[in-house]
1. In the set Tyr293, Tyr348, which member is over 20 Å from the mean Cα position of the chain (by Cα) and either surrounded by fewer than 19 Cβ atoms within 10 Å (Cβ to Cβ) or modelled with pLDDT of 95 or more (or both)?
2. Check off (1) modelled with pLDDT of 95 or more; (2) open to solvent by 30 Å² or more (accessible area, probe 1.4 Å) for Asp181 and give me the number that stays unchecked.
3. Have a look at Ser91, Ser123, Ser160 and point out the one that is in contact with a strand residue (DSSP E or B) (Cβ under 6 Å, 6 or more places away or on another chain) and among the small types (Gly, Ala, Ser).
4. Taking the stated definitions as given, is Thr86 farther than 23 Å from Asn328 by Cα and of a type in the set (Ser, Thr, Tyr)?
5. What are the pairs with Cβ atoms under 6 angstrom where one residue, in the range 431-458, is closer than 18 Å to Ile372 by Cα and in contact (Cβ under 8 Å) with a residue 60 or more places away in the chain and the other, located anywhere, is open to solvent by less than 10 Å² (accessible area, probe 1.4 Å) and of a type in the set (Gly, Ala, Ser)? Sequence gap at least six, or different chains.
6. Residues that are small (Gly, Ala, Ser): list the helices (runs of 4 or more DSSP H) wholly contained in the range 357-468 that include at least 1 such residues.
7. Considering only the range 309-356, how many residues are of a type outside the set (Gly, Ala, Ser) and in a loop (DSSP other than H, G, I, E, B)?
8. Output the residues belonging to the range 137-174 that are free of Cβ contacts under 8 Å to residues at least 24 places away in the same chain and assigned to a loop (DSSP other than H, G, I, E, B).
Amino acid sequence: MNMNKGDETVDSKSKFLDSAENMAQSLGTSLCLAKWQQVSLHLTTGMNNSCYHPPLHRIPVESIGRSASALHNTDHKKQQRKLMLTGQRPSECSYCWAMEDAGKLSDRHYRSGEPWAAEHFLSIKNSTGDEDVVPSYVEVNFNSACNLKCSYCSPQFSSSWADEISHHGAYPTSTLHNHPDHFTGDRRVIPNREHNPYVESFWAWWPELYPQLKHFRMTGGEPLLDRNTYRVFDHVLANPKPDLHLNVTSNFSVDERSWQRYKSKVKELCQAGNLEHFMQYVSLDAWGAQAEYIRHGLDFELLWDRVNQFLNEIPNYSSLTFIITMNNLSVPSLENLFAGILGLRKTYSKTYQRVWFDTPVLREPAWQSLQILPESYADRLEMLWAWMIRQIETKDDPFHGFKDYELSRLDRDIAWMRSAQDQDHSKSKADFYRFFAEHDRRRGTDFLKTFPEMRSWWAECEYHARQS
């Protein structure tokens with residue numbers, strides 16, 4: 001790869017980026033292997049998607065009564081597979097199409113190029129789309145119990161959010177955000193105290209699913225607070241699977257008792273060597289007080305201490321990935337976060353990479369999108385990109401710098417950010433002010449104290465709110 005921006009050039013290529021580029025040539029214009037081999041299951045609401053880009057769609061409860069594999073193989077998903085096999089681009093995958101039309105590698109290429117998907121390329125290419133598939137990459141949300149109220153989250157995924165909305169009602173944006181009426185009927189979260197047919201079906205499917213898994217990831221809610229997490233751990237301990245990547249996403253801000261229980265169990269798993277790798281995902285979108293503002297209830301110092309505990313005390317079969325959901329409040333302190341990640345790499349990555357990060361973009365709610373920020377914020381990310389390339393990993397010093405695909409992904413985020421510069425964002429700017437003004441009122445926070453560098457932006461958003 002020859003990566004250029006301005007006068008900076010890098011002549012190297014990782015296997016991960018090379019696989020994505022090769023798969024981009026093989027897939028054609030429409031095929032995405034994740035539609036077959038990956039699923040995200042939201043068992044608290046009975047919905048799924050193949051990755052986080054398409055909207056969630058309902059899993060008919062009557063279908064899982066006939067076959068538990070219908071948790072993944074819904075009629076809707078089969079329709080999307082058929083479109084892809086006939087060279088059509090499903091509209092629900094618009095983010096990837098937009099990135100590709102802009103000349104960038106999309107997540108379709110990255111995901112399809114990974115071994116858990118790529119090994120199924122020929123069978124998928126020659127399929128009809130009607131087949132029931134056992135996926136090799138499964139994400140599951142068993143429970144909405146969560147101790148945080150992240151600004152862009154909702155009562156579907158956080159019991160703390162549900163409690164706030166129940167007490168205070170919806171946020172006063174142009175479309176009432178997280179209105180209680182929205183989480184009724186088909187969108188109602190099934191409480192833990194009630195029978196959940198989707199969780200029941202998952203465990204009925206588990207004996208068929210487990211032997212085929214290459215990646216299994218538990219999300220939330222907060223998995224460290226969920227008994228199903230430990231049920232999975234116990235199963236892996238009793239049934240070794242040397243090709244399994246077991247993954248858990250956490251806010252790392254739970255109570256000390258829950259943390260110690262979790263850490264002890266992960267140590268046991270990794271010391272037993274019953275799996276190929278344990279990946280700890282940590283949700284963190286900014287640095288310090290700004291991270292705490294975005295993810296209300298987060299204790300940044302506690303999180304950072306626990307990151308170090310994890311990397312220091314569980315040195316085998318394990319690594320850690322920061323999931324940095326790129327929203328407009330991430331930009332001011334992103335360089336500090338990236339510098340912190342480099343520091344962790346230099347401390348803990350000796351014989352293999354133990355500290356990773358990803359920068360997926362936030363698309364909803366619109367008022368927290370990168371796309372509504374002024375051009376000067378895109379310039380700031382460009383300067384961050386230029387700083388990163390000067391810290392790029394080399395053959396002589398592996399594991400300690402940034403990787404080529406990390407630069408490529410940030411470049412993609414900047415391109416997506418700029419792709420909407422000519423659009424009218426006045427409505428979203430007004431909603432930004434309305435949401436965070438109410439956020440400060442309800443939660444006792446102070447936007448301008450936390451983000452003093454965004455004072456002009458705040459004033460612009462306030463202007464649009466008062467004009468509408």
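The values are calculated or read from the model by the stated rules, or taken from the named source; none is laboratory data. Since the structure is predicted, the reported quantities are computational estimates derived from the model, not experimental observations. Note that we place each Cβ from the backbone using ideal geometry, even for glycine, and neighbour counts take in every protein chain shown. What goes into the accessible areas is simple: the full protein's heavy atoms, side chains included, and nothing from ligands, DNA or RNA. Shrake-Rupley method; radii C 1.70, N 1.55, O 1.52, S 1.80 Å.
1. Tyr348
2. Asp181 satisfies every listed condition except (1).
3. The match here is Ser160.
4. So Thr86 fits the description; yes.
5. none
6. 375-389, 404-418, 426-443, 455-467
7. The total comes to 14.
8. Cys153, Gly169, Ala170 - these are the residues of the range 137-174 that are free of Cβ contacts under 8 Å to residues at least 24 places away in the same chain and assigned to a loop (DSSP other than H, G, I, E, B).
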